[in-house]
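What follows is a set of notes on a single structure, which appears directly below.
The values are calculated or read from the model by the stated rules, or taken from the named source; none is laboratory data. Nothing here was measured: the structure is a model prediction, and the numbers come from that model. Every residue, glycine among them, receives a Cβ derived from its backbone with ideal geometry; neighbour counts consider all protein chains shown.
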Amino acid sequence: MARHIGVIGAGIAGLHLALYLQKHGVAATIITDRTPEDYRTIRLLNTVAHHHVTVAREDHLGVNHWSDPRVHYYYHDHFFNFPEPIHFRGDFSKASRAVDYRIYLPALMQDFLQRGGKIEYRRIEEGDIASLVGRFDLLVVSIGKGPLGQLFTYRPEHSPYSQPQRRLCVGLYTGVRQPDPMNVTLSVSPGHGEMIVIPTISFDGIASALLMENVPGGDMEELATLSYDDNPKHFRQVILDKLEKHHPSTYDRIDTARFDLAQPLDLLQGGVVPTVRNTVVEFDGGKCAIALGDVHSIVDPMMGQGANVASYAAFVLGEEIVNADVLDVRFCEKVDLKRQDRVLAAARWTNLMLQPPSEALGMLIGAMSQNRALADEFTENFNYPDQQWDRVSSPQRIHAWIGRMSAAPEPVRATARG
């Protein structure tokens, strides 16, 4: 049976779904308000790391255009700047990688177009909904702005916050030394916030994404509203002063004479309200719209879960579309049951890490600094948030995890990269 799927939005969720359907012979039309050419001149969209499970999905789709191992990263360095500082490293089993979405998204749009896909460039108004429902066998909504995204209501039991829990200052910078092989650094300044340093493929090669997650009311909060355009020199100096005080391990990597935004538009400031939504809207006649990506779940970027979970959910939805006889409410229910554990686990784990650490979580941090296998498993589980949530969702589970890993023999480590 020939089907036609409408995909609203051309982020990673919409693109991975459309490319998956295209690969499996199902017609999909993407509707977005931004052309591939528009991306070159817009402000930084985000800073997104793709863990190896997502890179593997890109390989499956034939869209992994950044396979050079020299631009990948291989481990996490963790710094907890307590009165007694804690530092430990955790390795991935396979490399991860970050690409500026102003490069990544248009590249995948071009892949889709070159393979015969169709993209319509326009905004969707409220009056368009009825015609879209009539035109497609299923509407997939992967972008929250606009009338379609507003159809999906919040799930309060999974949306505990009404305000951002961090005030964000995110930029791509030059003048930050990268280790060899490259890594991602996660640094914590208790009471003031976290910072994640991500080597990112951007327009002029590798830039360092500094994702500053600043606690409201803390000493770093002013960075979320500090203007670069008004006084670039003052902006840079304030950033450097804050890093030296709160994230010294990163400050020590900076050449202060070269430190600057890679481009004036490489800065994003604001906040995210973590939200999980209901995912299905049924229309007259039994046709449905189903939520995907940020419409389904928005998470704070601290744990690097948003894009990876969106890609996972896109593949789940794609597989179900390919194999389904009917695209109705029961179909959507089955999709939700299949994807919800990982999606909800990513939201719950991220929300847990936004709070001051419990006694058990503090014990886990200390244990990871003494047990490399435990640190490696914690790091590898960035690929599998459902497995991470299995381990950290209660004090009892944390204690059991520490006990199990403490009893295990220390693994023999390979010396080769990756």
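Residues are listed down the side, and each one gets a yes or a no for (1) buried (at least 16 other Cβ atoms within 10 Å of the Cβ); (2) hydroxyl-bearing (Ser, Thr, Tyr); (3) in the same structural domain as Leu21 (by TED's automatic domain parsing):
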position: Leu113; (1), (2), (3): no, no, yes
position: Gly134; (1), (2), (3): no, no, yes
position: Asp137; (1), (2), (3): yes, no, yes
position: Lys145; (1), (2), (3): no, no, yes
position: Ser189; (1), (2), (3): yes, yes, no
## Note on the structure
Only unsatisfied item for Gln263, checking (1) surrounded by fewer than 22 Cβ atoms within 10 Å (Cβ to Cβ); (2) out of contact with any Leu (no Cβ under 9 Å at 6 or more places or on another chain); (3) not assigned by TED's automatic domain parsing to the domain that holds Ile42, is (2)
### Query
Within the range 128-146, can you find the residues that are within 24 Å of Val299 (Cβ to Cβ), touching a helix residue (DSSP H, G or I) at 6+ places or on another chain (Cβ under 9 Å) and modelled with pLDDT under 95?
Ile143, Gly144, Gly146
### Among (1) buried (at least 21 other Cβ atoms within 10 Å of the Cβ); (2) among the hydrophobic types (A, V, I, L, M, F, W, C); (3) part of a strand (DSSP E or B), the one test that Ala95 misses
(1)
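Per-residue answers, yes or no, for (1) in contact with a Phe, Trp or Tyr (Cβ under 9 Å, 6 or more places away or on another chain); (2) under 18 Å from Glu194 (Cβ atoms):
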{"position": "Thr225", "(1), (2)": "no, no"}
{"position": "Asp230", "(1), (2)": "no, no"}
{"position": "Phe235", "(1), (2)": "yes, no"}
{"position": "Lys245", "(1), (2)": "yes, yes"}
{"position": "Ala257", "(1), (2)": "no, no"}
{"position": "Pro264", "(1), (2)": "yes, no"}
## Note on the structure
Subset of the range 59-92, residues farther than 21 Å from Ile201 by Cβ, among the acidic types (Asp, Glu) and in a strand (DSSP E or B), comes to Asp91
### Message
So, Leu317, is that one assigned by TED's automatic domain parsing to the domain that holds Gly146 and part of a loop (DSSP other than H, G, I, E, B) or not?
### Response
no
### Message
I need a count of the residues in the range 224-268 that are under 20 Å from Thr185 (Cα atoms) and polar (S, T, N, Q).
### Response
3
### Summary
Scanning the range 24-77 for residues that are under 17 Å from Gly14 (Cα atoms) and touching a Pro at 6+ places or on another chain (Cβ under 6 Å) gives Pro36, Tyr39
### Query
From the residues in the range 320-342 that are part of a helix (DSSP H, G or I) and free of Cβ contacts under 8 Å to residues at least 24 places away in the same chain, which one is surrounded by the fewest Cβ atoms within 10 Å (Cβ to Cβ)?
Asn323
### Task
Could you figure out which of (1) crowded, with 20+ Cβ neighbours inside 10 Å; (2) more than 26 Å from Pro85 (Cα to Cα); (3) among the aromatic types (Phe, Trp, Tyr) isn't true of Tyr384?
(1)
### Query
Considering only helices (runs of 4 or more DSSP H) fully contained in the range 354-397, which possess at least 1 residues that are hydroxyl-bearing (Ser, Thr, Tyr)?
359-370, 372-380
#### Entry: Thr350 assigned to a helix (DSSP H, G or I), in contact (Cβ under 8 Å) with a residue 24 or more places away in the chain, over 20 Å from Ser93 (Cα atoms) and not basic (Lys, Arg)
yes
### All positions within the range 343-364 that are crowded, with 18+ Cβ neighbours inside 10 Å and touching a His at 6+ places or on another chain (Cβ under 8 Å)
Val343, Leu344, Ala347, Arg348
### Residue check for Ala360: closer than 27 Å to Ala13 by Cα, of a type in the set (Gly, Ala, Ser), out of contact with any Ser or Thr (no Cβ under 6 Å at 6 or more places or on another chain) and at pLDDT 95 or above
no
### Query
What number of residues within the range 12-35 satisfy the criterion of being within 21 Å of the chain's Cα centre (by Cα) and assigned to a helix (DSSP H, G or I)?
9
### Query
When residues of the range 353-379 are filtered for being among the hydroxyl-bearing types (Ser, Thr, Tyr) and without any contact (Cβ under 8 Å) to a residue 40 or more places away in the chain, how many remain?
1
### Query
So Val316 clears everything in (1) surrounded by 15 or more Cβ atoms within 10 Å (Cβ to Cβ); (2) in contact (Cβ under 8 Å) with a residue 24 or more places away in the chain except one condition, right? Which one?
(2)
